[in-house]
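The values are calculated or read from the model by the stated rules, or taken from the named source; none is laboratory data. Since we're looking at a predicted model, the values are computed, not measured. FYI the Cβ positions are ideal-geometry reconstructions off the backbone, even for glycines, and counts take in every protein chain you see. The accessibility values were calculated without ligands, DNA or RNA, using every heavy atom of the protein model including side chains. Shrake-Rupley method; radii C 1.70, N 1.55, O 1.52, S 1.80 Å.
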Amino acid sequence: MSEIKTDFQHFPTRGNRFSRWFGRLGMRVLGGWTLNGEIPDIPKAILPVAPHTSNWDFFVGLMVKLALGIRVNFLGKHQIFVFPIKGLLRWLGGIPVRRDSAHGVVGQMIDEFAHADRMVLVIAPEGTRSKVAEWKKGFLHIAQQAQVPVVPIAFCFKNRTINISKPMMVGADVEAALTEIKAFTNQAVGKRPELQ
């Protein structure tokens, strides 16, 4: 396995030597996953991870998160943030969202970024593990309006690689940004490629 960078100065971190060792072990046990590229050492970002075709994506992602010693956030329906798992979900980085809110998920996340010194949001742009015709574009609107970079990440089950792109800012042309991100992630083969 290639050397994994864990000496972040700005990127949110969490963990210790044991959790990083456990994450590296998990990456090996789950098939010998390696990283291509580096997580940029920046305090705020949105990481769209694709393709998302299986629940295994979560476990691979969790092991990578532990191996890197990073702290990331994810969105979840507010209904799942209940006892007895509410504390665990929050500790793992879960942010409860209300889709019926007048402020909307995009507005809520813009506020979250504005009030945080460090925050990294991981999101599956497909919005589901099923095959979709179009990706959700909310994450691009959050990035654009919160003025945080997007760092596309592709999970390739064929080669057991996690490919990390360079940070990019989302300008006025959201569709162009979406096309660029898809071009990067579409090179990867999901666990269930028929759902891509």
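So the values come out like this:
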quantity	calculated
Close pairs (6 angstrom Cβ cut-off, 6 or more residues apart or separate chains): open to solvent by 60 Å² or more (accessible area, probe 1.4 Å) in the stretch 167-190, not charged (D, E, K, R) anywhere	167/40; 167/149; 167/151; 169/149
Single residue of 82, 97 found to be touching a strand residue (DSSP E or B) at 6+ places or on another chain (Cβ under 9 Å) and either aromatic (Phe, Trp, Tyr) or over 27 Å from residue 183 (Cα atoms) (or both)	97
Filter result (in contact (Cβ under 8 Å) with a residue 60 or more places away in the chain and out of contact with any Asp or Glu (no Cβ under 7 Å at 6 or more places or on another chain)) within the stretch 147-156	148, 149, 150, 151, 152, 153, 154
Subset of the stretch 1-33 that is among the basic types (Lys, Arg) and within 28 Å of residue 149 (Cβ to Cβ) - its residue that is surrounded by the most Cβ atoms within 10 Å (Cβ to Cβ)	24
Residues within the stretch 42-98 that are open to solvent by 10 Å² or more (accessible area, probe 1.4 Å), of a type outside the set (D, E, K, R), free of Cβ contacts under 8 Å to residues at least 40 places away in the same chain and in a loop (DSSP other than H, G, I, E, B), tallied	6
Residue 120, sole failed condition from (1) free of Cβ contacts under 8 Å to residues at least 12 places away in the same chain; (2) touching a strand residue (DSSP E or B) at 6+ places or on another chain (Cβ under 9 Å); (3) farther than 14 Å from residue 50 by Cα	(1)
